[in-house]
Each structure stands twice: as C-alpha cells, then as structure tokens.
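Single-structure report; data block below.
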Amino acid sequence: MAIIGFVGLGNMGGPMLRNLIKAGHTVRAFDLSARALEAAKDAGASVCASSGEAAEGAQVILTMLPAGAHVRSVLLGDTGLFSAAQKGTLFIDASTIDVETARMLHEEAGKSSHLFLDAPVSGGTGGAAAGTLTFMVGGSEEAFMRAKPILAAMGKNIVHAGGAGTGQAAKICNNMILAISMIGVSEAFVLAEKLGLSHQKLFDIASTSSGQCWSLTSYCPVPGPVPASPANRDFQPGFTAAMMLKDLKLAMAAAMGANAATPLGAQAAALYALFAASGEEGRDFSGIIQFLRGENAPG
Ligand code: NAD
C-alpha cells in the first residue's frame, strides 16, 4: 500500500480520497477549504496544513483541481511540489486541464526526476463515489504501470491513451463528440415536434437506425424513452452546462494550437456559452434542447 499526498478534495477529490482509504492506502490530504479538510479527516485521511506538508514522505501525489492555473500553482515554482517532493515521486493529475499545461508539466516533472501522468476522468461525482471512474491516462508506460493499482481503487476503466497530454486529448475529444451529438439529437426532437412526430416514435426508429448514438439511447433529452435521463427530472445534473462549456473551451484552445478544423465544435461551444449565459449553467447539459426550442428551462 502507498503513502499518497492528495491535493484538491472537492466534489470529485473528496469521494476519490475515500476510495483510496477504503483500499488501504495512507492519504495525506490538503485543500484550501476547511470543510473539505474536515470531511477528509472524517474519512480517515491525515489532514495537512499545506500542499507541501501533504507531499512529505509521499510516494505518489494526486491532484484534483479546477483548472490548469491551479495545478501549475500547486506543482511549479520554488514552493511547488515538484521542488518539495522526494525524487522519483509519481505525480498523477486527474484534473481536466488544457493539453498545453499538461505537456509542460510532464517536462517540468522530468527535469526534477519525477514521473508525471495526465489522468482526467469521466463518470462524474456518482462514478467518483462508486469507484467506477474511467481514467484516460497520458504518459510513459513505466509511470502508467506504477499508477494502475492506485487508479484501480478509484476507477473501473483505466486506459493508457499514449504519451504526454494524450489523456487530456482523449477527454476533450470525447466531450466534443458528446456536445455535438447532444445538440444534433436535440435539434431532431425539436424538428419532430414541429412535424407532428412523437418523441417515442422518433426514439424507436432512430435508436435502431443510423441516428443511433449515446446522446439518444442513454441520455435522451426528452422525458419518457430513457427513464434515467436528466430530461425526466427537470434537467437536474448530471453533468452541468458549465462543465460542458469548460471542456469545449479546452477543446477549442487545443484545436487552435494544433491547427485542426473543428467547425461543429466551435458552434457547439458558442451554443453552450449562450445556454450557460441564459442562467442555466447549473442545468444538465442535455437541457440545451429547451434553449433550442426557445424556452427557458423550468424553475
Ligand atoms: P471542485 O471545485 O468541487 O473541487 C476543487 C477543489 O480544489 C476545491 O475543494 C478547492 O478548494 C480546491 N483547490 C483549489 N485550489 C487549490 C489549491 N491551490 N490548493 C488546494 N486546494 C485547492 O471541482 P470538482 O468538481 O471536484 O472537479 C475537479 C476537476 O475534475 C475539474 O478539473 C473538473 O473539470 C474535473 N471533473 C469534474 C467532474 C464532475 O462531475 N464534478 C467530472 C469529470 C471531471
């Protein structure tokens, strides 16, 4: 069992920490929030006064922070953890951040004789609590093999995506597909309504035809056909429009840097920006169907 420093104990990090402790690891925890620290203490973690203290004696350091700027501020610089940690420490950043920062962190970790992995997740807070997250992991084979048993305490699918930054690349490419397909499915339901075709009939036909996709068959944006989808509970998240917008912005920045043509990704980002700005950033992302109908989501 490993000694793990864990920085960032929010909606995702908190339950991930609990699963590490359940699996028998020793966790040294730090967050800026006193409430998050209290919960970590109750879960059995050693609570620390700084990220530097959480890194003391740790063989592995996990970060689960909001964005690239937070990860850079915790890991880089004279007081950052790349300087503070013992040589040969394995760093795993599970945050969703920009590809450019992820690649730079791989380089900086190497300069300090550490191993680094970008390992963003999908599965949401439910997956974090159940220990069924998917980890998309970028970095060396050596680092991946060392991380695998630790990630297995928090996730069900642990996929080695390739070299530096490819975990983040996988995450934003997948979510760009999801955003575009959800808008496509929503537009089809809105058109069907205008043409007098019922939701259920469109679902029955498209779900066994070439329009079939996850946004339709697992996360249907109209109530009825898929009882577990957020459309059946006033679009309570789930996965919020704000989070989808964050990931689309990361995808657009990466596309710009890599000179990739992603016109539908850009349209999806613009639509989610408008949807979020209409006061719906906390609504499930599939609620965009109501925006496309020209309606405000209920209550
Ligand atoms: P969150 O805001 O709930 O948690 C982030 C935590 O980081 C907070 O507790 C905050 O206090 C802490 N923090 C910020 N700066 C810090 C610092 N300098 N030192 C120590 N702690 C610091 O966010 P979350 O929902 O847990 O998401 C974390 C990451 O996971 C994000 O990158 C997000 O995009 C990604 N993600 C979230 C979900 C989800 O459903 N919530 C799903 C997949 C991926």
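The values are calculated or read from the model by the stated rules, or taken from the named source; none is laboratory data. None of the values given here were measured: they were computed from a predicted structure. Every residue, glycine as well, gets a Cβ built from its backbone with ideal geometry; the counts of neighbours run over all protein chains shown.
Of the residues in the stretch 191-200, at least one is charged (D, E, K, R), assigned by TED's automatic domain parsing to the domain that holds Gly265 and over 16 Å from Leu271 (Cα atoms).
The number of residues in the stretch 95-111 that are within 9 Å of the ligand (Cβ to nearest atom) and not hydrophobic (A, V, I, L, M, F, W, C) comes to 2. Search the stretch 224-261 for residues being in contact (Cβ under 8 Å) with a residue 60 or more places away in the chain, touching a helix residue (DSSP H, G or I) at 6+ places or on another chain (Cβ under 7 Å) and more than 14 Å from the ligand (Cβ to nearest atom), and hand back the single one that is nearest to Gln290 (Cα to Cα). Top of the filtered list is Phe235.
Every listed requirement among (1) farther than 21 Å from Ile97 by Cβ; (2) out of contact with any Lys or Arg (no Cβ under 9 Å at 6 or more places or on another chain) is met by Ala192 save one, (2). Mind checking whether some residue in the stretch 94-115 is among the aliphatic types (A, V, I, L, M) and farther than 30 Å from Ala261 by Cα? Yes, the stretch 94-115 contains a residue that is among the aliphatic types (A, V, I, L, M) and farther than 30 Å from Ala261 by Cα. Of the residues in the stretch 181-203, not one is under 14 Å from Leu250 (Cα atoms) and either surrounded by fewer than 17 Cβ atoms within 10 Å (Cβ to Cβ) or modelled with pLDDT of 95 or more (or both). The set of residues in the stretch 112-126 being near the ligand (Cβ under 8 Å from one of its atoms) and either in contact with a helix residue (DSSP H, G or I) (Cβ under 7 Å, 6 or more places away or on another chain) or at pLDDT below 95 (or both) consists of Pro120, Ser122, Gly123, Gly124, Thr125. Looking only at the stretch 61-74, residues that are assigned to a helix (DSSP H, G or I) and in contact with a strand residue (DSSP E or B) (Cβ under 7 Å, 6 or more places away or on another chain) come to 2 in all.
The set of residues in the stretch 1-45 being assigned to a strand (DSSP E or B) and either buried (at least 18 other Cβ atoms within 10 Å of the Cβ) or not polar (S, T, N, Q) (or both) consists of Ile3, Ile4, Gly5, Phe6, Val7, Val27, Arg28, Ala29, Phe30. Given the condition of a type in the set (Asp, Glu) and more than 23 Å from Lys246 (Cα to Cα), answer yes or no: does some residue in the stretch 117-136 qualify? For the stretch 117-136, residues of a type in the set (Asp, Glu) and more than 23 Å from Lys246 (Cα to Cα): absent.
Of all residues in the stretch 16-59, those satisfying the criterion of being within 9 Å of the ligand (Cβ to nearest atom) and not hydrophobic (A, V, I, L, M, F, W, C) are Asp31, Ser33, Arg35, Ser50, Ser51.
Here Ile92 meets the list (1) away from the ligand (no atom under 12 Å from the Cβ); (2) over 15 Å from Leu65 (Cα atoms) almost entirely, failing just condition (2).
Of all residue pairs spaced 6 or more apart or on separate chains, those with beta-carbon atoms under 6 Å, a first member in the stretch 179-196 that is in a helix (DSSP H, G or I) and a second member that is basic (Lys, Arg) are Val190/Arg293. Looking across the stretch 69-89 at every residue that is buried (at least 22 other Cβ atoms within 10 Å of the Cβ) and either touching a residue at least 60 places away in the same chain (Cβ under 8 Å) or small (Gly, Ala, Ser) (or both), the one that is nearest to the ligand (Cβ to nearest atom) is identified as Val74.
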